[in-house]
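The next block holds one structure in the form of structure tokens; read it before the comments.
The values are calculated or read from the model by the stated rules, or taken from the named source; none is laboratory data. All values derive from a computational prediction rather than experimental measurement. We place every Cβ from the backbone using ideal geometry, glycine too, and count neighbours over all the protein chains shown. SASA here: full protein model, heavy atoms, side chains in, ligands and nucleic acids out. Shrake-Rupley method; radii C 1.70, N 1.55, O 1.52, S 1.80 Å.
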Amino acid sequence: MSVHGAGIQETLPARRLKKIRQSTRTEVKHIFMSRLNELLQTAGSIGRNEDGSITRLGFSKEYFQALELLKGRMEELGMQTEVDPVGNLHGIFIGKNPSAKAIVLGSHLDTVIKGGLYDGMLGVSGAIEIVARLKDERRTLNHMLEIWGFNMEESSILGGTFGSRCVTGMIDPDVPGYPEKLAVFGCSPRNVRSARQDLKKYACYLEYHIEQGDKLDHAGLDIGVVSGIVSVIRYEVTANGISNHAGTTMMDNRNDALVGMSKLIVAAEQRARELSDTLVFTVGKISVSPGQENVIPGQAVATFEMRHMDKAVTDQLYADIQSMAKKIPNCDFAFTSTVSKYATACDPRLIRIMNEICQKNRIRHVIMPSGAGHDANPMAHEGVPIGMIFVPSVKGISHHGAEYTDPRHIDIGADILYKTILELDENGLQNK
Ligand code: HGY
Ligand code: MN
Ligand code: MN
């Protein structure tokens, strides 16, 4: 089933971009400019650091402060609310037809360390403002609307998309070592098991999110209709050498684990560039032991992360990294897989609905993949049809205090989300 619209991943030719720009004029509707932005600014600023960035880690005091604020807003709107056993915020807005499946909206309430205002919080505050707009317009949907503010979507020792993987039943909490990691946050395997929801009651899951990359901003477009979410594949790589005296050990007699690890990282980065121009490779964390200035590192441990829409490409990079490791002298390497979240496709029917709504509202938009992982990924993995709407991140900055999205775009995105929900409520997903 082909879906209309251009896939930005084919890097739209300039003439095509020009045509999109000319043929559409984004009608700016300041629907909830004040209200949505106000909620976003208030809740999203919890955890603000002196440098303007935001740190609101999962299970933290700041996390639960933001959760309570949003829970209160949900209750003001007449929603039923709960905090589930793993710290997810869950709100329900009853529909007319109790037997209809629920339309689910969600995103995450946590941030990375020194992150931005919009990543995650835009989707949850946007979802809540959808309910506010329904009430403004005195509309009651046929379908129940459920809103999730997920806990610990960002990477952590619990593996990332933690809250949404608990809801979708994707975490086996009894894997050796995992109960101890849960205990660090006052959580337990029993909490994880009891957080699981019956996904059969869900018609679809929609997530409203910033792009976090620069494609929309660079192309001067206003909306991204997401086609799919890349994989997030992570390995813990250990380089084993021999620690020794930094002064008396001549250069030819060294087994320097950090030098070996550095050579592997540079080789892996180069290989990623060669394999595909949409393959990304990152070493975000590294530790060295014993970690003293005058001791040659005996061991280095790093996280190797790779992302792509096609599993064969990340599999190839991993195989190449392993064979390159064998050729690096004076140190041995060990690899442990820690995260294997494979790419997921958004539901073509939802893409079509969103694309048609954008066309009808003359919105400058394209269909594009997500280079970031999202809570929509576990939902898709467990069979729930997913759709995502992106708004531009200025200069593509994200996971950083300078993360910014124009309020105009926030309103446009929320309006497309609202119209998508009305369309789904009216005509559902069947025979789309
Ligand atoms: O890492 C990611 O892609 C997401 O922002 N957690
Ligand atoms: Mn993030
Ligand atoms: Mn996010």
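Using alpha carbons only, how many degrees (0 to 90, rounded to 10) separate the axis of helix 311-326 from the longest principal axis of the chain? For helix 311-326, the angle is close to 10 degrees.
For the chain, the longest principal axis of the C-alpha atoms and the axis of helix 61-76 are separated by about 10°.
Averaged per residue, what accessible surface does segment 156-298 expose to a 1.4 Å probe, in Å²?
Values: 6830 Å² over 143 residues.
The answer is 48 Å² per residue.
Highest mean packing comes first when the peptides 244-255, 127-138, 326-337, 344-355 are listed by Cβ atoms within 10 Å, giving 344-355, 127-138, 326-337, 244-255. Dimensions of the chain based on its C-alpha atoms, expressed as ranges along the principal axes with the largest first, amount to 79, 54, 43 Å.
Would you please classify the overall shape of segment 337-432 from the alpha carbon gyration tensor, given that a ≥ b ≥ c denote the square roots of the eigenvalues, rounded means a/c under 1.5, and beyond that prolate means a/b larger than b/c while oblate covers the rest? In terms of gyration-tensor shape, oblate.
Against the chain, whose longest principal axis is taken from its Cα atoms, helix 407-427 shows a tilt of about 60°. Counting only residues at least eight positions apart within a chain, or on another chain, the lysines with an alpha carbon under 26 Å from that of Lys71 are Lys61, Lys96, Lys101, Lys114, Lys135, Lys200, Lys201, Lys419.
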